[in-house]
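Undergrad: After the structure tokens below, expect a handful of questions from me.
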Amino acid sequence: MRICFIPKILRKYLERREIKKRLMKKFMNQLGYPLNLRNPQTYCEKIQWLKFNQQHTDDKVISRADKYAVREFVKSKGYGNNLVELYGCWDSPEEIDWERLPNRFVLKLNNGSGPKYRWFIKDKGTFSREKFKDEVKESMSRNFGFKKGEFHYSKMPKKIIAEAYIGAEGDAIKDYKFYCFHGEVAFFQVEAGVIDGTMVRDYYNLDWTASHVNFIDNVPRPIQPFEKPVGFNEMVLMAQSLSQGYPHLKVDLYNVDGHIIFGELTYSPRNGITKWDPPSLDLEFGKLMNLKDITH
């Protein structure tokens, strides 16, 4: 019997082609219109075009979406003092020196996002290290983003990083997410309650008035509007600086008593299948993206 071996590069091509087919079906089912990659016009179409045609071959995208490697980029832009304190970086859980870590810290993987890729340790003494080892090994075995067409995540060397736990015990840390187009902030969202599962979210323009933007994902708005933090203008300037030279980038920042802390950079927010409310925003923000203007 003759055994046929498929070259690795051809196998990857076939896998990507199959993923593209599945995503085109999902795109249609969730957004209600067919994905046009030949002549993308909407926000969601252009994110998909970038995913399949540019991001996975762009070393800058790969390194800046990497939660560990991005630190060097942030430093190069003059924001080294805005990085959260780093306690360590390892290739496997067995390498972690637990005794050198403080009692309260955060563990995360550099190449993924969501609850399966981060751990908030409030008390090292009661934290189950064995359970963590099982969980992190399972998470590291996954090819994060690949099935969603976010192939740039699969190009990152997998790392476990430990960082400072932002804010004092009991503080409701807010996450500021700036949606930038060619280095300009179009709008931003503020989230709170992510850690304890009581998340609320609201959307604002740069003058802190309510934005007409909304995402259809059942996240409630806060009872009272969020207050503008000290140093907000500096946050805007930082988001604009970090997003220069690329059609679209989401910049996550924190603000603790006026001190701005860098979070992460996201090149394909919400996997580029964003259910806008109203749907007309999909085309509105798509018009802000020029796919030929990629320099960063």
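Just so it is clear, none of the values below were taken in a lab; they were calculated from the coordinates. Predicted, not measured: the structure shown is a model, and the values here were computed from it. Virtual Cβ from ideal backbone geometry, glycine too; neighbours counted across all protein chains shown.
Undergrad: Could you work out the relative contact order of segment 67-218? I mean the mean sequence separation of Cα pairs under 8 Å and 6+ apart, divided by the number of residues, in percent.
TA: 20 percent
Undergrad: Same structure again: Can you tell me, using C-alpha contacts under 8 Å and at least 6 residues apart, the relative contact order of segment 85-164 as a whole percent?
TA: Here the relative contact order equals 50 percent.
Undergrad: Between the alpha-carbon centers of segment 45-122 and segment 156-198, tell me the distance in whole angstrom.
TA: Computed from Cα coordinates, the inter-centre distance equals 12 Å.
Undergrad: Determine by what factor the alpha-carbon radius of gyration of the chain differs from 2.2 N^0.38 Å, reporting the quotient. The partial results should precede the final answer.
TA: Working: Rg = 19.9 Å, N = 296, 2.2 N^0.38 = 19.1 Å.
In units of the 2.2 N^0.38 Å rule of thumb, it is 1.04.
Undergrad: Roughly how big is the chain's charge dipole about its Cα centre, with Cβ charges of +1 (Lys, Arg) and -1 (Asp, Glu), in debye to the nearest 20?
TA: The dipole magnitude comes to about 1780 debye.
Undergrad: With Cβ to Cβ distances under 14 Å as the rule, what net charge do the other residues near Glu234 carry (K, R +1; D, E -1)?
TA: Cβ neighbours under 14 Å give a net charge of +1.
Undergrad: Segment 194-288: which GluC sites (Glu not before Pro) are DSSP loop and have at most 15 other beta-carbon atoms within 10 angstrom?
TA: Those that pass, being in a loop and sparsely packed, are Glu227.
Undergrad: How large are Rg and Dmax for segment 210-296 when only the alpha carbon atoms are used, in Å?
TA: Final numbers for Rg and Dmax: 14.8, 42 Å.
Undergrad: Under a Cβ-Cβ cut-off of 14 Å, what is the net charge of the residues other than Tyr43 that fall near it, where Lys and Arg count +1 and Asp and Glu count -1?
TA: Its environment carries a net charge of +2.
Undergrad: What lysines sit close enough to Lys275 to cross-link, taking a C-alpha to C-alpha distance under 22 Å and skipping anything fewer than 8 places away on the same chain?
TA: Lys20, Lys21, Lys25, Lys26, Lys46, Lys51, Lys147, Lys148, Lys177, Lys250, Lys287
Undergrad: Over the chain, what is the mean sequence separation of C-alpha contacts under 8 Å (at least six apart), divided by residue count, expressed as relative contact order in percent?
TA: 22 percent
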